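No lab work stands behind these numbers, since they all come straight from the coordinates. The structure displayed is predicted, hence computed values, not measured ones. Because the Cβ atoms are built from the backbone with ideal geometry, glycine has one as well, and the counts that use them run over all protein chains shown.
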Amino acid sequence: MNLIDGLFLTAANAIVCIVFPKLLHTILVAKRQQREVVLATAKSTQANPEITSEVPSYPY
């Protein structure tokens, strides 16, 4: 029974070591793309000529 347990744990460990980094990469890429879309939307909104931000200036 010890040999079977060892083989099972070795196989489970190998599967986790292969699958987990790929899953983590997929999740991080999806978050990065979502963040880039939000930043691109914010930049396009700032470039809109209809939106102006007026900062008051006071003479000294």
> What are the ³J(HN,Hα) values, in whole Hz, obtained from phi via the Karplus relation 6.51 cos²θ - 1.76 cosθ + 1.60 with θ = phi - 60°, for each residue of the range 15-25 in sequence order, with x given for Gly and Pro?
Replying inline: 5, 5, 5, 8, 7, 4, x, 5, 5, 4, 4
>> So the label point goes 7 Å from the Cα of V55 along Cα→C-beta, right? Which residues of the range 6-43 then have their backbone N under 11 Å from it?
In response: none
